[in-house]
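The block underneath contains the structure these notes are about, expressed in structure tokens.
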Amino acid sequence: MPKPPAKDKADCSPGLCTAATTVREGAYSAATAFRSPTGCTNTTPGERDFLAWCQEERVRFPSSRIDVLPSTGRALVASRAMKMGEIVVEVPDDAVLMADNCSIRDILEEEGMCKPADDEILEVQGLIIAVMYEKSRGNDSRWAPYLNLIPNDMTHMPLYWKRRELRELRGTAAFDKMVGRVQYPADAPTQVPLLWSEVMEPFIHEHPELRLPTGKAGYDLYRWATCAVASYSFILGDDKYQAMVPVWDLLNHITGQVNVRLYHCAKRHVLQMIATRDISRGEELVNNYGELSNAELLRGYGFVEAQNRNNHVQVPLGFVVRAAKKLLQEDAEADTGPAATGIGARAPEGSAMGAGHSLH
């Protein structure tokens, strides 16, 4: 059984990326065209097969259509006017793709990669393996038409960036977290090679019957599946099952313009998207990935927004501590100067001289 990386080595939980900082202007400007991982795709290959698959799997979105928009790329658009409270999308529970219902569930369960796993990272790796295996099966996979709709090109994700491209972010907390300097667990750009060597390669060698590729082909498939899970998966329910949910992941994120909410109807065993307000015909259906800054969106999903009211700067605690120590040192030095001996001008009443600076 593959073991999770040692705790003294930073690891990564794809799809659960959290941070708070802004990106450097150069990187920001270069990425403003991207709205979401869905919008990064300007074509819809395999759409006809996907729509037929949705009909077979009882995945319903009768009042909307897949479209390509000038501002956001591929999107889900209302094909008629909708009322607040109307069900926009409905996906049966058994149509989602999880480690717990894929074709190799028994193997993943035996390897401790289904919920509940000893380490959360193994649950995530279980879903990544499920995606890899179903993708490698081609048209023999039940989810083939769905997986074929996910872009093969994931180069908008930082995991694919070259060193010179990542250097554009130097000096930001986003960069430090991506390379594992200030965060545990670290982000995927540094952890994919580690997880590949310590978790995935041993799993593939232990299960040759799965015929998963090895070497560069295997690593490329693993990197793609990691990006797919990171940017397209959802966390479902109180038990926090991570899953790939068809059609739900077609909705882009646009800060301040969300018009649907997610809901699970336990009685009917379906996942639903419900309109939170009246939606006009031709209007884009917009999900909310969270109240995320551009840095969070970049790290987790590979895009930024030109207008994002959630942008903010994160100041590392170490920076604050160093600044406070420097101020305290300066005050201590001032205490030993002429003013401390009573020679020279008297310090104004209420002055902080000699009192130091306190950090709360």
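The values are calculated or read from the model by the stated rules, or taken from the named source; none is laboratory data. Note that this is a predicted model, so its numbers are computed, not measured. No Cβ is skipped: glycine too gets one built from the backbone with ideal geometry, and neighbour counts run over all protein chains shown. These area figures cover heavy atoms from the full protein model, side chains too; ligands, DNA and RNA do not enter into them. Shrake-Rupley method; radii C 1.70, N 1.55, O 1.52, S 1.80 Å.
I'd like the full set of residues that are among the hydroxyl-bearing types (Ser, Thr, Tyr) and either in a strand (DSSP E or B) or at pLDDT below 90 (or both), limited to the range 46-80.
From the range 46-80, those among the hydroxyl-bearing types (Ser, Thr, Tyr) are 63-64, 71-72, 79; that's our starting set.
If the condition is that a residue be among the hydroxyl-bearing types (Ser, Thr, Tyr) and either in a strand (DSSP E or B) or at pLDDT below 90 (or both), then 64, 71, 72 are the ones that fit.
Being at pLDDT below 95, touching an Asp or Glu at 6+ places or on another chain (Cβ under 8 Å) and open to solvent by 70 Å² or more (accessible area, probe 1.4 Å) is the requirement here; does residue 24 meet it? Give the steps one after another, and end with the answer.
Values: at pLDDT below 95: yes; touching an Asp or Glu at 6+ places or on another chain (Cβ under 8 Å): yes; open to solvent by 70 Å² or more (accessible area, probe 1.4 Å): yes.
Here the answer is yes, as residue 24 does meet what is asked.
Does the range 216-226 include one or more residues that are part of a strand (DSSP E or B) and touching a Ser or Thr at 6+ places or on another chain (Cβ under 8 Å)?
Narrowing the range 216-226 to residues part of a strand (DSSP E or B): none.
No, the conditions are met nowhere in the range 216-226.
Filter the range 55-76 down to the residues that are touching a Lys or Arg at 6+ places or on another chain (Cβ under 6 Å) and not polar (S, T, N, Q) and list them by number.
The initial filter retains those residues of the range 55-76 that are touching a Lys or Arg at 6+ places or on another chain (Cβ under 6 Å), namely 63, 68, 72.
The one that is touching a Lys or Arg at 6+ places or on another chain (Cβ under 6 Å) and not polar (S, T, N, Q): 68.
Does any residue of the range 212-229 turn out to be touching a strand residue (DSSP E or B) at 6+ places or on another chain (Cβ under 9 Å), open to solvent by less than 10 Å² (accessible area, probe 1.4 Å) and either among the hydrophobic types (A, V, I, L, M, F, W, C) or over 21 Å from residue 117 (Cα atoms) (or both)? Spell out how you get there, then give the answer.
Initial filter on the range 212-229 (touching a strand residue (DSSP E or B) at 6+ places or on another chain (Cβ under 9 Å)): 228-229.
Now restrict to residues that are open to solvent by less than 10 Å² (accessible area, probe 1.4 Å): 228-229.
If we keep only those that are either among the hydrophobic types (A, V, I, L, M, F, W, C) or over 21 Å from residue 117 (Cα atoms) (or both) too, we end up with 228-229.
Yes: one or more hits.
Which of the helices (runs of 4 or more DSSP H) found entirely inside the range 81-185 contain at least 2 residues meeting this: buried (at least 18 other Cβ atoms within 10 Å of the Cβ) and within 20 Å of the chain's Cα centre (by Cα)?
Values: elements: 105-110, 120-136, 144-147, 163-166, 173-178.
Because the criterion is at least 2 residues that are buried (at least 18 other Cβ atoms within 10 Å of the Cβ) and within 20 Å of the chain's Cα centre (by Cα), the helices (runs of 4 or more DSSP H) in the range 81-185 that meet it are 120-136, 144-147, 173-178.
Could you list, in sequence order, all residues of the range 266-318 that are farther than 19 Å from residue 62 by Cβ, buried (at least 18 other Cβ atoms within 10 Å of the Cβ) and small (Gly, Ala, Ser)?
293, 295, 300, 302, listed by residue number.
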